[in-house]
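Everything below concerns the one structure shown next.
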Amino acid sequence: MVIRSAGIEDSRYLFEWRNDPTTRNASLNTDEIHWEEHQKWYLSVLKNPQVVIYIAEDIPAESSPLGMCRFNISEERESAEVSINLNPEHRGKGLAQSILHDAIEVFTTEHPRVIDLTATIREENLPSMKIFVSENFVPQHSQDGVVQLKLNLKD
Ligand SMILES: CC(C)(COP(=O)(O)OP(=O)(O)OC[C@H]1O[C@@H](n2cnc3c(N)ncnc32)[C@H](O)[C@@H]1OP(=O)(O)O)[C@@H](O)C(=O)NCCC(=O)NCCS
């Protein structure tokens, strides 16, 4: 598996994975996104140094990519919010933890100033809770069925 930066060619995949019903249920905003809205957002994200999206794919890339991992870097650039979304075709195969692990490794190498990572996960999203906790994220607090987790990178 390889982790690479997302490019314009990944827009369609990201759009389709985002609108998948499981992803929508797991998201804080469950609305269906329209293509024009997605494309506008994605073009702005590609120019924004505070949003980093990685794509995980097999080598050689024989099928569609495995999934994505996004890091939203805070204003002061010391923290980043992480989210992961797998290609629905590749879910339930035990791939998520290694994608999360490898993406964090690449991100922290490229952004050494970042001190901690956070994640916001719906309580009922047990697979997601499991993979983040396995990567040493610690639940901080929970409100309205949503848990905040944190990983201190300098511990
Ligand atoms: C959440 C997501 C990333 C998990 O990826 P995945 O590859 O399908 O997950 P896995 O198959 O590796 O399962 C993760 C773990 O949860 C466990 N699990 C799966 N379904 C479960 C369930 N219903 N209840 C409890 N545990 C469950 C798996 O057994 C596995 O644990 P293990 O490694 O100890 O066996 C993926 O389903 C996804 O992209 N979902 C939509 C987007 C999303 O929810 N993102 C997270 C919000 S940040």
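Every number in this text was worked out from the coordinates using simple rules, so none of it is lab data. None of the values given here were measured: they were computed from a predicted structure. Using ideal geometry, Cβ is built from the backbone for each residue, glycine included, and neighbour counts are taken over all protein chains shown.
Between Leu95, His34, Val114, whose Cα lies farthest towards the positive end of the dipole of the stretch 2-152 when Lys and Arg beta carbons carry +1 and Asp and Glu beta carbons carry -1, centred on the Cα centre?
Value computed over the given set: Val114.
How much length would be gained if the chain were fully extended between Val2 and His111, taking 0.36 nm per residue of separation minus their Cα-Cα distance, in nm to one decimal?
Roughly 37.4 nm would be gained on extension.
About the Cα centre of the stretch 2-152, how large is the charge dipole given +1 on each Lys and Arg Cβ and -1 on each Asp and Glu Cβ? Please answer in debye to the nearest 20.
120
Which of these, Gln97, Gln143, Gln39, has the largest mean-square fluctuation under a Gaussian network model of the chain (Cα springs below 10 Å)?
The residue that fluctuates most here is Gln143.
Filter the chain for me: DSSP H helices, axial length by Cα at least 20 angstrom, mean Kyte-Doolittle hydropathy not below 0.0. List them by residue number.
96-110
Lysines near Lys150 by alpha-carbon distance under 17 Å, same-chain residues fewer than 8 away left out - which ones?
Answer for Lys150, where 17 Å is the Cα cut-off: Lys130, listed by chain and number.
Using a Gaussian network model of the chain whose springs link C-alpha atoms within less than 10 Å, name the residue from Ile99, Ile115, Ile59 with the highest mean-square fluctuation.
For the chain, modelled as a Gaussian network with Cα springs under 10 Å, the answer is Ile59.
For Met129, Met1, Met68, what's the fewest-to-most ordering of other Cβ within 10 Å of each Cβ?
If I rank by nearby Cβ atoms, fewest first, I get Met1, Met129, Met68.
What is the pair-distance distribution P(r) of the stretch 9-129, computed from all Cα-Cα distances in 10 Å bins starting at 0, with each bin given as a whole percent?
Over the stretch 9-129, the share of Cα pairs per 10 Å bin runs 12, 44, 38, 6 percent.
Name the most mobile residue of Pro49, Pro139, Pro127, meaning the one with the largest mean-square fluctuation, in a Gaussian network model of the chain with Cα contacts below 10 Å.
Ranking Pro49, Pro139, Pro127 by mean-square fluctuation puts Pro49 first.
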